[in-house]
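Step one of this worksheet: look at the structure below.
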Amino acid sequence: MTYDGKVGTVKIHVAAHPLITHKVTILRDEKTPSSIFRELIGEIVTLLAYEATRDVKTVPVTVKTPVAMAQGAVMAKPDAVVIPILRAGLGMLEGMVRLMPSVQVGFLGMVRDEKTLQASTYANRLPQDLHGRECFILDPMLATGGTLIAAIHYLVDLGATDITAICILSSPEGIAAIEKEFQNSNTNLTLVTAALDEKLNEKGYIVPGLGDAGDRLYGVV
Ligand code: URA
């Protein structure tokens, strides 16, 4: 299933590209070892980041080439903020900063209770004022949407008005939950995802999904 459009106030972009599909397919395979899994996550995030940064603000500049003056544009200040959601979002950070080396990085530690599927924050290290900052949340799995909803509220409370979530896989239930939660919000919200899967199972896992992203990145702890 592919979808590209605006649901309520949330812009959804499913990055349908053969390279991304190829990499996601290997990622899903339970036989793919952690080392390859980590590499693929990085590569997919870099490709998704290319889509996710399509509308970042730039300012015009003029540079002198060896031949003539050239009109161009560079990224505007203040720098964007990238927020990986610990633990699994950390595996996406390198792929993002590879494309945008000047970003500031903030961290949000969130855990979901496997019984209630409710998300709670256990750690944070973020700029305390996000007014005027473009924010990119990194979380590989948009499942129930609970973690992403909590993270978005956290950033909005710090003044963010422009938030893009980059997720490797998303569920229809997760997207519906985000849409419902933020339907009357003034926040400019975008989701960029590599694939929209079929559904959630009774344990809150994405089907067909790829299993537990954190465990596959870092092992079961
Ligand atoms: N978190 C994961 O790591 N995997 C899922 O399928 C859902 C939530």
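The values are calculated or read from the model by the stated rules, or taken from the named source; none is laboratory data. Just so we're clear, the structure is a prediction, and the values are computed from it rather than from any experiment. Cβ coordinates were reconstructed from backbone atoms using ideal geometry, including for glycine residues, and neighbour counts include every protein chain displayed.
Against the condition within 14 Å of the ligand (Cβ to nearest atom), among the aliphatic types (A, V, I, L, M) and within 21 Å of Glu94 (Cβ to Cβ), how does Val221 come out, does it pass?
Details: within 14 Å of the ligand (Cβ to nearest atom): yes; among the aliphatic types (A, V, I, L, M): yes; within 21 Å of Glu94 (Cβ to Cβ): yes.
Judged against the criteria, Val221 is a match.
Filter the range 122-145 for residues that are surrounded by fewer than 23 Cβ atoms within 10 Å (Cβ to Cβ) and acidic (Asp, Glu) and give the result. Matches in the range 122-145: Asp129 only.
Restricted to the range 99-118, and to residues that are under 18 Å from Gly174 (Cβ atoms) and of a type outside the set (Val, Ile, Thr), which residue is surrounded by the fewest Cβ atoms within 10 Å (Cβ to Cβ)?
So the first thing to find is which residues in the range 99-118 are under 18 Å from Gly174 (Cβ atoms), and the list is 108, 110-114, 116-118.
Still in the running and of a type outside the set (Val, Ile, Thr): 108, 110, 112-114, 117-118.
Values: Leu108: 23, Met110: 21, Arg112: 16, Asp113: 11, Glu114: 9, Leu117: 15, Gln118: 12.
The selected residue is Glu114.
The set of residues from the range 181-217 being over 14 Å from Ala143 (Cα atoms) and either within 11 Å of the ligand (Cβ to nearest atom) or free of Cβ contacts under 8 Å to residues at least 12 places away in the same chain (or both) comprises Asp215, Arg216, Leu217. Within the range 99-119, the residues that satisfy the criterion of being more than 16 Å from the ligand (Cβ to nearest atom), within 15 Å of the chain's Cα centre (by Cα) and either touching a residue at least 40 places away in the same chain (Cβ under 8 Å) or in a loop (DSSP other than H, G, I, E, B) (or both) are Leu99, Met100, Val103, Gly106. Within the range 155-169, not a single residue is under 15 Å from Val14 (Cβ atoms), in contact (Cβ under 8 Å) with a residue 24 or more places away in the chain, buried (at least 24 other Cβ atoms within 10 Å of the Cβ) and over 13 Å from the mean Cα position of the chain (by Cα). What number of residues within the range 150-174 are closer than 20 Å to Gly211 by Cβ and not in a loop (DSSP other than H, G, I, E, B)? Looking only at that region, the number is 8. The residue that is surrounded by the most Cβ atoms within 10 Å (Cβ to Cβ), among those in the range 61-98 that are among the aliphatic types (A, V, I, L, M), touching a helix residue (DSSP H, G or I) at 6+ places or on another chain (Cβ under 8 Å) and outside any helix (DSSP H, G or I), is Ile83. Among the residues of the range 71-89, those identified as modelled with pLDDT of 95 or more, within 16 Å of the ligand (Cβ to nearest atom) and not β-branched (Val, Ile, Thr) are Pro84, Gly89.
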